[in-house]
1. Can you pick out the pairs among LYS499/LYS538; LYS365/LYS394; LYS323/LYS387; LYS107/LYS563 whose Cα atoms lie more than 23 Å from each other?
2. From the square roots a ≥ b ≥ c of the eigenvalues of the alpha-carbon gyration tensor of the chain, which class results: rounded (a/c under 1.5), prolate (a/b over b/c), or oblate?
3. For LYS365, LYS563, give the ranking by accessible area with the largest first, probe 1.4 Å.
4. Starting at the first residue of region 336-343, write each ³J(HN,Hα) from the Karplus equation 6.51 cos²θ - 1.76 cosθ + 1.60 with θ = phi - 60°, in whole Hz, x for Gly and Pro.
5. Which whole DSSP H helices in the chain pass both tests: a Cα extent of 24 Å or more along the axis and a mean Kyte-Doolittle value no lower than 0.0?
6. Going by Cα centres, region 168-192 and region 49-122 are how many Å apart?
7. Got a sec? Charge dipole of the chain, +1 on Cβ for Lys and Arg, -1 for Asp and Glu; which of GLN435, SER101, VAL34 is way out at the positive end?
8. Charges on Cβ only, +1 for Lys and Arg, -1 for Asp and Glu, centred on the Cα centroid of the chain; of ASN609, LEU59, ALA593, which one is farthest towards the dipole's positive end?
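The values are calculated or read from the model by the stated rules, or taken from the named source; none is laboratory data. What you see is a predicted model; the values in this text were computed from it and never measured. Glycine also receives a Cβ, built like all others from the backbone with ideal geometry; neighbour counts cover every protein chain displayed. The area values use the complete protein model at the heavy-atom level, side chains included, leaving out ligands, DNA and RNA. Shrake-Rupley method; radii C 1.70, N 1.55, O 1.52, S 1.80 Å.
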Amino acid sequence: MRTKLNLAAATAAIGLAMLTGQRVANATSYTITVDASKQTAGGNPPFWAAAVGTGTASLTLRSDLETHYKIGAREAGFKRVRGHGVLNDDMGIYKGAGSYSWTNFDKYLTAIVSAGMRPIMELDFMPTALALTGNSRDTYNSVANYKAFIQAIVQHCVDKYTATEVGQWYWEIWNEPDYTGFWNGTNASEATSAKMTDYYALYDAAVSAITAVLPSALVGGPATTGPGPVSAFLQHCKSAGTRVTFASSHSYPGGAAGASANAANLVSDNNTRVSGITSGGYTTMTVKSFNTEWNSSYSGQGGGMGDDLTSMDNNWNVGFILKSVKLLSDKGSGSTPALDVFSYWVLSDVFDESSGPSGSYILGKTANGTLPFGQVFGLMTFQGIRKAAFNAFKMLNYLGPTRLQSAGGTGSDGVDAMATLSANGDSLQILAYDQYATLNTTGTDDVTVTVSNLPSGLAGKQVFVTQFIADASHSNPYSVWTSQGKPTAPSEAQWQAMKAAQHLALLQPVSTTTLTTSYTTTFTINRQAGTLLILSVKRPVTGRDGLGTMEGEDYDGQSGATKEDSNDTDLGQSISVTSGGSIFYDVVDFSDAGVGSVQMRVNASAATNLEFHADSQTGTLLGKCALTATGSAWATQACTLTPISGVHTLYVVFGGAARLNWLLFQA
């Protein structure tokens, strides 16, 4: 049974918890003006969703992370995954010269592709049997064997997914060769300049092998800790005649650990990278700018101290993320963004650069992985709860393809906004944020938004007014956790309270209004927050998309349910539920048109049934769906329901023991 929350008490506790040690700035009033008849010089290509980071490739063999990939792709719109160590010994590909095993590699690729994404194939590190001194950070001990290995990997991908598909993947050679922890070159003690020369040889060999299979492959590097080495790298490519289609590097504005993270640094980072492209003898039409790692700090391995580490867990990174995207979007030209890949590091706290078991800080602190938050990079917790930062990306995913001219904000500390329009002009989105580089800043600011010259798709129409918010007390499960006293092994009631705060929240109920040619509204926004205002003829999805696939294990509460490896064709987790057990999902949006049936991916040793109820475990019965026995195999079964529309809490009650992978509701 779901535990009811005393929301007033929880909010008060959150407010008290957030006061200590914070900088309070004086309130400022802003007027954001949008001219819906005027586009900016740039469009709105979603470079921020082109990729997202993960830990090492072998983590993708974990079913929980496989599920997180699916959620990230569906809700945040991420298109690719970039992770370290696909060539590592723990992936088990390289068995010796000319001998390879594809078992783990295929599972890695299947997990990404099944989630609806593509890999960024970051080719590192060196299999120890192929490494010069047996260290995975070495260069190769045989260029011929290395090239044969890389060529075999590319050929295997082409055989599995076709040349047309693999031709759209990015191949990034190594990770941070300018950092001693990741690249030894031919001699671990040699100078960085000599190591970079060794890297150029590695790059040339890898590209030769890749293009032997895919002559037009999308290849690049140097994936350095900053953009400084880009120019010299590209000068080498130019003089050597080695193919290169993108230049990549990383940026963490907060550095190791501190009190601030300046989003403007990410613009300077890209400017330097672009300058390196041109000084290297190329243009940004032929060599694209990629930032393949960014976050508030590079010290998010877990357990660190500093506001720019706390910001990874709480709401402070919301404004940082939105401001970073807006400032970079301002630099776009036409349909060409300032950079093509802006890959946040990382998607999930299922991560492995710590000293805990399997390199996981969370597992090191709690054997069963029950610690909800631990200053780890991810947009989602180890358990799959969406953090406030995840909801920043979810707001970005609502934006339309046409950028509109807006004014009235500030490029420094405070409020700014960007506005976009849908392709057919019947939905307008205004994304506003209140961000201060000093992360632990409180207070509020007042915002007036005025939109003029609304297009014919909206002017004179009755529209829905929808406003989402992510701040200290909305869309932010971290604040709930702190109000609970930061339990390391939360009770089911505590998990439910955190999960109730994980979904992108409405600032106020959705309303309707009839527009003229303009629109004005006023609201107060908290510091370190973001809000998305949508004016649309069709009501946008709020909460969970009830017409999209809902993973069984992504419930908001349960009784008698256990997460487990699904071992189904799409990988990820599933749940095993006892007879009489139940799960529920908060804020399921079945749309105004509604649904009338459901597909269920189930595994049942004996015939049983699932009951679907609206709003409580004993609420309106939508359907009692008979399940036939599946003989211990997964099967998709369908059931007709009493039609339901709008936003509801959905309860699923199991008449007998069964496993559930996913649900898909249909009209």
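1. Numbers: LYS499/LYS538 28 Å; LYS365/LYS394 30 Å; LYS323/LYS387 18 Å; LYS107/LYS563 20 Å.
Going by Cα-Cα distance, LYS499/LYS538; LYS365/LYS394 fall outside the 23 Å limit.
2. Details: a/c = 1.63, a/b = 1.20, b/c = 1.35.
Note, shape of the chain comes out oblate.
3. Numbers: LYS365 125, LYS563 65 Å².
The residues order as LYS365, LYS563, largest area first.
4. Per-residue couplings from phi come out as 9, x, 5, 8, 8, 10, 9, 9 Hz.
5. Values: long enough: 143-161 (27 Å, 0.25); 192-213 (32 Å, 0.50).
Answer set is 143-161, 192-213.
6. So the separation of the two Cα centres works out to 20 Å.
7. VAL34
8. ALA593
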